[in-house]
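See structure below.
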Amino acid sequence: MKSLLRILSFLSLFIFLFSCGNADDDVNFTIVPEGDLGQGSNVDQCLDLGANDLILSIQDQFTTLPGKVSIFFKVSDINGNPVPNLRANQFTIYEQGRNDDCFNTISASESFARISPNSQIFNNNTLLVLDLSNSVLSSSLAELQAASIGFINNVMPEEENTSFRMAIYWFDGEDVLHLLNPLSTSKDNLITAIEGITPNISNDPSTDLYGAVLKSTDIASNLLIESSQEDIISAASIVIFTDGTDQASRYTEEEAITKVRDANSNISFFTIGLGSEIDTQILMEFGKTFSVFADNKEELEANFNAISQQVNEQANSFYLFEYCSPKRDGSGENNLAIQVVQGSLQGAVQTKFSADGFLGGCE
């Protein structure tokens, strides 16, 4: 009897979890956690697409007359790793109207399917947070500047894009997270700010690492709140560089770890450590998304490059996929399924849309 109750409890929990995040949910301007289908649901079995190797998590969806359907989603693998730089021809569209037993494939060419710029509905903010305490300024400033400039070049688009912004902060032993350059879409402005760092920018030999973690997380959290108030979906990446441990003892290790652990899931955390005085375990706690460590200053640029690749992949795994629907039925909802194929991997998600008022054309 107890075994039967346990089985029933498990089934009840499974049904509850499976019912979350369906296509009928109200739009929620936050990024859906990894592995969740967001506003989508599992694809109807009549399509027989098989198990998902890739997860398409719908963040937002809307229609535009005379007949455009827009779906904004994130693609990751089953381990939660982002899948960036997909192309429109890797997606297949299926629609099912009220008279269709199953879904019909929509021609990608006839529907003018495309990956569109998402600057109107999405912001990606990167906070580069640099340790400029005395040990860095006196021994590895030039290498840090070169590595930071490479990071900026790798993360920021060649042409300015309002979706991609970066700010640069620095810390020493003061109870302040100093602003070096505010959020900017300009690669040139960010690089100029890095080049302007001089050895006398700080005269405090201590290191307030825990304070930098706490304050940068608060800044990123506030950015997400501001974007949400403007009906813009937002993500943030915090990249912290240091060559040592916290010396200021102003805040506790537990405070900083808890802040990172409990932070909004839309914030990614990265850390870069240099030298033999760092605590790799703590930096891995702070850099819960990805961490790298350099034994010497000559390895800094390679480490910054590794982080920039991770930041890029996170940002470029969000897609605004749009196509022109042939549906003209305004009396009810139509089912929509999107499948993506990358090599031997595939994933699909299903949702609904109304074709009310749809006419020929898309713009």
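Scanning the stretch 258-269 for residues that are of a type in the set (Val, Ile, Thr) and open to solvent by less than 10 Å² (accessible area, probe 1.4 Å) gives VAL260, ILE267. In summary, strands (runs of 3 or more DSSP E) completely within the stretch 263-347 and bearing 1 or more residues that are at pLDDT 95 or above and among the aliphatic types (A, V, I, L, M) occur at 267-274, 290-294, 333-342. If the condition is being among the β-branched types (Val, Ile, Thr) and either crowded, with 17+ Cβ neighbours inside 10 Å or within 20 Å of GLU159 (Cβ to Cβ) (or both), then the stretch 184-201 contributes THR185, ILE191, THR192, ILE194, ILE197. Across the stretch 165-178, the number of residues qualifying as open to solvent by less than 40 Å² (accessible area, probe 1.4 Å) and over 22 Å from the mean Cα position of the chain (by Cα) comes to 6. The set of residues from the stretch 65-78 being more than 15 Å from the chain's Cα centre (by Cα) and either of a type in the set (Lys, Arg) or within 18 Å of SER344 (Cβ to Cβ) (or both) comprises LYS68, ILE78. Screening ASN181 on (1) in contact (Cβ under 8 Å) with a residue 24 or more places away in the chain; (2) surrounded by 18 or more Cβ atoms within 10 Å (Cβ to Cβ); (3) not hydroxyl-bearing (Ser, Thr, Tyr) shows it passes everything except condition (1).
Among the residues of the stretch 67-88, those that are part of a loop (DSSP other than H, G, I, E, B) and either within 20 Å of SER308 (Cβ to Cβ) or open to solvent by 10 Å² or more (accessible area, probe 1.4 Å) (or both) comprise ILE78, ASN79, GLY80, ASN81, VAL83, PRO84, ASN85, LEU86, ARG87.
When SER249 is tested against (1) out of contact with any Gly (no Cβ under 9 Å at 6 or more places or on another chain); (2) at negative phi, only condition (2) is not met. When the stretch 177-201 is limited to residues that are hydroxyl-bearing (Ser, Thr, Tyr) and not in a helix (DSSP H, G or I), the one that is farthest from PHE269 (Cα to Cα) turns out to be THR198. Go through (1) in contact (Cβ under 8 Å) with a residue 24 or more places away in the chain; (2) in contact with a Phe, Trp or Tyr (Cβ under 7 Å, 6 or more places away or on another chain); (3) in a strand (DSSP E or B) one by one and return the number of the condition ILE55 breaks. Exception for ILE55: condition (2).
Which residues, taken from the stretch 89-98, are at pLDDT 90 or above and either small (Gly, Ala, Ser) or open to solvent by less than 60 Å² (accessible area, probe 1.4 Å) (or both)? Residues satisfying the conditions are GLN90, PHE91, THR92, ILE93, TYR94, GLU95, GLN96.
Among the residues of the stretch 99-125, those that are assigned to a strand (DSSP E or B), open to solvent by 40 Å² or more (accessible area, probe 1.4 Å) and either without any contact (Cβ under 8 Å) to a residue 24 or more places away in the chain or not basic (Lys, Arg) (or both) comprise ASN104, THR105, ILE115. Looking across the stretch 133-151, just one residue is touching a strand residue (DSSP E or B) at 6+ places or on another chain (Cβ under 8 Å) and surrounded by fewer than 23 Cβ atoms within 10 Å (Cβ to Cβ), and that is SER140.
When the stretch 291-317 is limited to residues that are touching a helix residue (DSSP H, G or I) at 6+ places or on another chain (Cβ under 7 Å) and closer than 20 Å to LEU224 by Cβ, the one that is least open to solvent (accessible area, probe 1.4 Å) turns out to be VAL311. Checking every residue in the stretch 207-217 against the condition of being over 19 Å from PHE151 (Cα atoms) and polar (S, T, N, Q) gives at least one match. Each residue in the stretch 225-246 was checked for being crowded, with 16+ Cβ neighbours inside 10 Å and polar (S, T, N, Q), and 4 of them qualify.
Here is a list: LYS288, LYS352. Which entry is crowded, with 17+ Cβ neighbours inside 10 Å and either farther than 30 Å from PRO66 by Cα or not hydrophobic (A, V, I, L, M, F, W, C) (or both)?
Numbers: LYS288 fails: crowded, with 17+ Cβ neighbours inside 10 Å.
Unique residue meeting the criteria: LYS352.
Set side by side, the residues ASN42, ASN28 differ, and just one is open to solvent by 70 Å² or more (accessible area, probe 1.4 Å) and at pLDDT 50 or above, which is ASN42. Taken over the stretch 202-216, the criterion of being in a loop (DSSP other than H, G, I, E, B) and open to solvent by less than 50 Å² (accessible area, probe 1.4 Å) is satisfied by SER202, ASP204, SER206, THR207, ASP208.
The values are calculated or read from the model by the stated rules, or taken from the named source; none is laboratory data. Everything numeric in this text was worked out from a predicted model, so none of it was measured. Cβ sites come from the backbone with ideal geometry, for glycine too, and all protein chains shown count toward neighbours. In case anyone asks, the SASA skips ligands and DNA or RNA and just uses the protein heavy atoms, side chains included. Shrake-Rupley method; radii C 1.70, N 1.55, O 1.52, S 1.80 Å.
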